[in-house]
Amino acid sequence: MRSDSDKAKLYDRQLRLWQESGQTALENARVCVLGSTALAAETLKNLVLPGIGEFVVVDDGVVGEQDTLTNFFVQVGDQGKLRAECIVQGLCELNPDVRGSAVTRSPAELLASTDPADIQLVAEATLVLACGQPESVVCALSRRCWQANVPLVAADFAGFYARVRTSIPEHAVVESHADTPSDLRLLTPFPALRSFIDEIDLGVLDSTDLAHVPYPVIIVKALKALSLDGSAAAPTIQQKRALRDFIGTMAPAPGEENFAQAVDAVTQHCKPYSTPGTVEQILNDPAAVTPLVADAKVDRFWLLASALRAYMLSDYSQGMLPLNGSIPDMKADTKGYVALQRIYKQKAAEDAAQFATHVARELTEAGLPADFITPDEVAVFCRNASNLRLLRFTPLHDEIEGDSLCSTAKNLVAADVASHYALFRALARFEATHGRCPGVTASLSDAEMLDDEVVANDAAELIGIANLLLAEWGLGSDAKVDEDLAMEFARSGHCELHNISSMTGGIVSQEAIKLITRQYVPENSLCIVDGVKAKSYVAKI
């Protein structure tokens, strides 16, 4: 095992993306993968390299000639060997800190088992991936993951095309890394900021000093001069125009950079405070109003959300979220910038202290120990309070077997993926009916391609099934299956192309890292990869 300093050097770049908390989450993660295809191997490669803790591959497939052409983690000499064991061996060589193992049983058999060890393999995983699995397996897996509240990412392929779908009842993101403007509160400055600005007399500064006054100071001075400060109402367009003109007259010379920044910042920062809609959704959720405290599992996120709700209802907050204390880069001298930054950081610390008292009260009322939520967790939540995200997904088994798609199917048309998605679903029905893939003699293991006539017949059957599906979803008049696309699906024989699996594996692993670290916002939608057009599409379904 590497030392902490060695890990810091090895993972330096990714630590800049998700910090130590994200890396710790990765290193503690246990990923269960059903399938040992090239797509599974490429996805795992992108998780092993950044240092996930452990992975297990479930598959009883044997390495065939096709695998040696598409899967970089098997060799020609591996033909006839168990594929899961081969890819685990190759993947573990990439990072000695990662533990990998293979369960050489079919995924369907594993899911049908009532052995507690088999059930725990999925239920105790941090994340489950299904790569190239039949719909029957995906549905059974989805039910088990949904019940255990384990994230599931299912991916499938057909030649030049692939699809990716995530399913989990609920996923909360604290560190979303959203690119949002700094919260400067210039229209209604807090007392310490008001005092700081009032102490600066622009009238006694020479032109050099005026050219280094931070733009928030300039804007607040201009607002006060025009009697626009302290108002709960948003300035009108005419008032903002007058404000910009007035700031221009304050500049010691035309084009002075800090005054130009002030003019540009009027639209963004001269507006009443409002809580972001995504955060309002969380604060008004029943789970935040009355967080459930079960013996088996207590959700820290909802305890913190409940504390934030109490904070927002307190007189101290005045209806504003805790300040995170950051200010943007701006034209200013070092002394002025540091002094302004100190004011915001001090206010952020005061808000965090107030928020911590509400967290402590929530823990006491829930009968939980004071250290159940660490000070670091409280600080991170408070610092990111304005960028919280909550996602609720549609169960994959409902999408496949139920009628949930009928209400969202038009999004497939809007995203131009109705044909792709319908053909993937038609492909599954074709295989379930015939026991083989379109364009293949008997089974995936034989993978002997037939002549063009048989491929064309299979393509015609795929079109018929796909059009029936579109009609079931209420899209009969809005979408028809593309015949050329159907021919490609049939011609592929449900085989993999390495470059498509590599690209799709990158997408799957990216979503996996978001789910494991609970940082950045995962896609709550269907993703279609089109290798012919070198494009990917997303549709909310």
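The values are calculated or read from the model by the stated rules, or taken from the named source; none is laboratory data. Just so it is clear, the model here is predicted, and its values are computed rather than measured. Cβ sites come from the backbone with ideal geometry, for glycine too, and all protein chains shown count toward neighbours. These area figures cover heavy atoms from the full protein model, side chains too; ligands, DNA and RNA do not enter into them. Shrake-Rupley method; radii C 1.70, N 1.55, O 1.52, S 1.80 Å.
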Please determine, by comparing only the residues of segment 201-226 that are farther than 24 Å from PRO328 by Cα and not charged (D, E, K, R), which one is surrounded by the most Cβ atoms within 10 Å (Cβ to Cβ).
LEU226
Hits in segment 466-490 (condition: under 14 Å from ARG425 (Cα atoms) and open to solvent by 30 Å² or more (accessible area, probe 1.4 Å))
ASN467, LEU468, ALA471, GLU472
Test result for THR290, more than 30 Å from SER306 (Cα to Cα) and hydroxyl-bearing (Ser, Thr, Tyr):
no
Here are GLY80, GLY35: which of them is at positive phi, more than 19 Å from the chain's Cα centre (by Cα), open to solvent by 50 Å² or more (accessible area, probe 1.4 Å) and not polar (S, T, N, Q)?
GLY80
Among (1) outside any strand (DSSP E or B); (2) among the acidic types (Asp, Glu); (3) open to solvent by less than 20 Å² (accessible area, probe 1.4 Å), where does ASP179 come up short?
(3)
Working only within segment 227-242, note down all residues that are surrounded by 15 or more Cβ atoms within 10 Å (Cβ to Cβ) and part of a loop (DSSP other than H, G, I, E, B).
LEU228, ASP229, PRO235
Please specify each residue of segment 350-382 satisfying the condition of being of a type in the set (A, V, I, L, M) and loosely packed, with under 13 Cβ neighbours inside 10 Å.
ALA353, ALA370
Only helices (runs of 4 or more DSSP H) wholly contained in segment 3-114 count here; list those with 1 or more residues that are under 23 Å from HIS177 (Cβ atoms) and touching a Cys at 6+ places or on another chain (Cβ under 9 Å).
38-48
Residues in segment 307-335 that are out of contact with any helix residue (DSSP H, G or I) (no Cβ under 7 Å at 6 or more places or on another chain) and either crowded, with 18+ Cβ neighbours inside 10 Å or without any contact (Cβ under 8 Å) to a residue 40 or more places away in the chain (or both) total 7
For segment 243-274, give me each residue that is outside any loop (DSSP other than H, G, I, E, B), in contact (Cβ under 8 Å) with a residue 12 or more places away in the chain and open to solvent by 50 Å² or more (accessible area, probe 1.4 Å).
ARG244, PHE246, GLU257, THR267, GLN268
So ARG30 ticks every box in (1) open to solvent by 50 Å² or more (accessible area, probe 1.4 Å); (2) more than 30 Å from ALA108 (Cβ to Cβ); (3) basic (Lys, Arg) but one. Which box is left unticked?
(2)
Going by the structure shown, is ALA125 under 26 Å from LEU17 (Cβ atoms), of a type in the set (A, V, I, L, M) and not in a strand (DSSP E or B)?
yes
Take residues that are within 23 Å of the chain's Cα centre (by Cα) and tell me which of the helices (runs of 4 or more DSSP H) falling wholly in segment 333-433 contain 2 or more.
375-383, 396-401, 410-414
The number of residues in segment 511-527 that are part of a helix (DSSP H, G or I) and open to solvent by 20 Å² or more (accessible area, probe 1.4 Å) is 2
Could you count how many residues in segment 180-208 are of a type in the set (Val, Ile, Thr) and without any contact (Cβ under 8 Å) to a residue 60 or more places away in the chain?
4
Considering only segment 528-541, how many residues are part of a loop (DSSP other than H, G, I, E, B) and surrounded by fewer than 17 Cβ atoms within 10 Å (Cβ to Cβ)?
4
Of the conditions (1) farther than 26 Å from ALA426 by Cβ; (2) surrounded by 18 or more Cβ atoms within 10 Å (Cβ to Cβ), GLN147 clears all except one; give me its number.
(2)
Counting only residues that are buried (at least 21 other Cβ atoms within 10 Å of the Cβ) and touching a strand residue (DSSP E or B) at 6+ places or on another chain (Cβ under 7 Å), which one in segment 395-424 is farthest from GLY132 (Cα to Cα)?
LEU412
Specify which of the listed residues (PRO151, PRO181, PRO216, PRO169) is of a type outside the set (D, E, K, R) and farther than 30 Å from PHE393 by Cα.
PRO216
